[in-house]
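**Q** Dropping a structure here in structure tokens format, bear with me for questions.
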């Protein structure tokens, strides 16, 4: 049963009582009336206020006319970030496969592994002797017009040193024509050329070994081993025969090249001219740390 009529009746009774009581016993009947109205209003408003109704679930009309509860929508989810393609993922750095050249024997004493026969016109046979004249293994370049071998593997082109021993076995011209790189340029150290006695570099400012400042005239004995050492560094070519320095050329602002006859020896090779030569103990050493 609703309590609103009861409260209204109570308020009216209070007002009527206040009026009459105030009129008979007080000089301020209006004050009693105001006080009673305020109290009754407070009681009425407190009792009449009903608790707030909870929201009804949303509804939808079904196809048969009945009202159906509308399902609550699913909470929004955060968007999934796009997958990174495998091709764009950072790959771990690869270890360098390049091995420093170091110090290597480039003649194994048994075969010509790492070398090829240079296809000079009029070339003669090249072979390995396991114990040439009792002095150990050697490469023999037989006498032809021009005979040689060319290195086929990697090599330093600057800051390196080559050492070997060479012999004139027979003939009267150079028994060791060593072609080598000077950075991007080729050069040759000729030992025993131009009739058998010239040692020098070919070519410097287009002048060959017999006609530039590196030319030296020496007596070379047949059947004797000569120790040869060649060093190439920035701005300098040096060479030694046995223990004597025979070349010390500053290459700054100089043109370094080879004669056309030995171009097939590039970048590194040995050749002979109308002579049988022998080579052994060939070693290549990088000077880089």
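**Q** Please find, within the range 220-247, the residue that is nearest to the chain's Cα centre (by Cα) out of those that are without any contact (Cβ under 8 Å) to a residue 24 or more places away in the chain and under 18 Å from residue 157 (Cα atoms). Talk me through it step by step, then tell me what you get.
**A** The initial filter retains those residues of the range 220-247 that are without any contact (Cβ under 8 Å) to a residue 24 or more places away in the chain, namely 235-236, 238, 240, 242-245.
Applying the additional criterion that residues be under 18 Å from residue 157 (Cα atoms) yields 235-236, 238.
Numbers: 235: 29, 236: 31, 238: 35 Å.
Once the filter is applied, the top-ranked residue is 235.
**Q** Further question on the same structure: Quick check: anything in the range 95-103 touching a strand residue (DSSP E or B) at 6+ places or on another chain (Cβ under 9 Å), closer than 28 Å to residue 256 by Cβ, exposed (fewer than 11 other Cβ atoms within 10 Å of the Cβ) and modelled with pLDDT of 50 or more? Let's see the steps before the verdict.
**A** Of the range 95-103, the ones touching a strand residue (DSSP E or B) at 6+ places or on another chain (Cβ under 9 Å) are 100-103.
Applying the additional criterion that residues be closer than 28 Å to residue 256 by Cβ yields 100-103.
Add one more test, that the residue is exposed (fewer than 11 other Cβ atoms within 10 Å of the Cβ), and what stays is 100, 102.
Next cut, modelled with pLDDT of 50 or more only: 100, 102.
For the range 95-103, residues touching a strand residue (DSSP E or B) at 6+ places or on another chain (Cβ under 9 Å), closer than 28 Å to residue 256 by Cβ, exposed (fewer than 11 other Cβ atoms within 10 Å of the Cβ) and modelled with pLDDT of 50 or more: present.
Matching residues to (1) surrounded by fewer than 17 Cβ atoms within 10 Å (Cβ to Cβ); (2) within 25 Å of residue 114 (Cβ to Cβ):
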site	(1), (2)
239	no, yes
247	no, no
254	yes, no
257	no, no
289	yes, yes
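**Q** Considering the range 211-231 alone, what residues qualify as being surrounded by 17 or more Cβ atoms within 10 Å (Cβ to Cβ) and either at pLDDT below 95 or under 26 Å from residue 253 (Cα atoms) (or both)?
**A** 212, 214, 215, 229, 230, 231 - these are the residues of the range 211-231 that are surrounded by 17 or more Cβ atoms within 10 Å (Cβ to Cβ) and either at pLDDT below 95 or under 26 Å from residue 253 (Cα atoms) (or both).
**Q** Look at residue 185 and say whether it is surrounded by fewer than 20 Cβ atoms within 10 Å (Cβ to Cβ) and within 28 Å of residue 101 (Cα to Cα).
**A** yes
**Q** Name the single residue that is farthest from residue 185 (Cα to Cα) among those in the range 117-136 being under 44 Å from the mean Cα position of the chain (by Cα), crowded, with 17+ Cβ neighbours inside 10 Å and in contact (Cβ under 8 Å) with a residue 24 or more places away in the chain.
**A** Among residues in the range 117-136 that are under 44 Å from the mean Cα position of the chain (by Cα), crowded, with 17+ Cβ neighbours inside 10 Å and in contact (Cβ under 8 Å) with a residue 24 or more places away in the chain, the one farthest from residue 185 (Cα to Cα) is 123.
**Q** If the requirement is being touching a helix residue (DSSP H, G or I) at 6+ places or on another chain (Cβ under 7 Å) and either modelled with pLDDT of 95 or more or surrounded by 11 or more Cβ atoms within 10 Å (Cβ to Cβ) (or both), which of these qualifies: 158, 146? Please lay out each step first, then the result.
**A** Details: 158 fails: touching a helix residue (DSSP H, G or I) at 6+ places or on another chain (Cβ under 7 Å).
The unique qualifying residue is 146.
The values are calculated or read from the model by the stated rules, or taken from the named source; none is laboratory data. Note that the structure is a prediction, hence the values are computed from the model and not measured. A quick note on method: Cβ atoms are made from the backbone with ideal geometry, for glycine too, and the neighbour counts reach across all protein chains shown.
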